[in-house]
Amino acid sequence: MANELGMSRTPVREAFLRLQGEGWLRLYPKRGAFVVEVRPHEREEIVRARVLLESDAVSRVSGDARLRSELVERLQTILGGQRDAAAREDLHGFAVLDADFHAAVVDAGGNRLLSDFFASLSDRQRRMTARSLWKRADRLEGVLDDHTELARLIDGAHSDAFRIALESHIRRTHRELLP
């Protein structure tokens, strides 16, 4: 790995040790490393946390037409980027924009503590999204349709319908990972 990155082995070793300490890798001396998957119970917890955080943010912006409009405009911009990434079958770029879409919803709620908590879930979310979409360009259109509907529900201040649609979207996107 150090040779591929063009650097000494020490920082690579330190990074691997840190990743192991955080539960992302399992190191096997003189044999290599294994990336640890997000565990099944953790996946369900992530879904529940995401639904709570995003739904709370949408409830907060629902009563303020200006905030709703700003959020919907931001989501439309991200959706445009996602459509471009889907057209190129750029799954990595699509996954990054997927995370941006959902983070924008949480950030719009105006609660820095909740935004920071949501960001702390981002690595686990990205791993789930990458695994769910990896070599599955056929799923991108469904995600785009869901995001379009979520933005429409926000625009119409339909916070209860948003919560239901969001949970359905997350479960559909990660259907092979979730019970």
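The values are calculated or read from the model by the stated rules, or taken from the named source; none is laboratory data. Just so it is clear, the model here is predicted, and its values are computed rather than measured. So basically every Cβ, Gly included, is an ideal-geometry build from the backbone, and we count neighbours across all protein chains shown. The accessibility values were calculated without ligands, DNA or RNA, using every heavy atom of the protein model including side chains. Shrake-Rupley method; radii C 1.70, N 1.55, O 1.52, S 1.80 Å.
Per-structure values
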read-out	value
Solvent-accessible area per residue, Å², over the chain with all protein chains present [probe radius 1.4 Å]	59 Å²
Acute angle (nearest 10 degrees) that the helix 40-62 long axis makes with the longest principal axis of the chain, alpha-carbon atoms	30 degrees
Rounded tilt (10° steps) of 65-87 against the dominant C-alpha axis of the chain	50 degrees
Residue range of the chain that is longest and free of trypsin sites (Lys or Arg not before Pro) which are both DSSP loop and sparsely packed (at most 15 other C-beta within 10 Å)	32-87
Largest to smallest principal axis extent of the C-alpha atoms in the chain, angstrom	58, 35, 33
Cα-based convex hull volume of region 24-90 per residue, rounded to whole Å³	139 Å³
Charge dipole (debye, nearest 20) of the chain; +1 at Cβ of Lys and Arg, -1 at Cβ of Asp and Glu	840 debye
Accessible-area composition of the chain, carbon plus sulfur, in percent [1.4 Å probe]	53 percent
Sites excluded, GluC sites (Glu not before Pro) in DSSP loops with at most 16 other C-beta within 10 Å, longest stretch of the chain	90-175
Angle in degrees between helix 122-133 and the longest Cα principal axis of the chain, rounded to the nearest 10	90 degrees
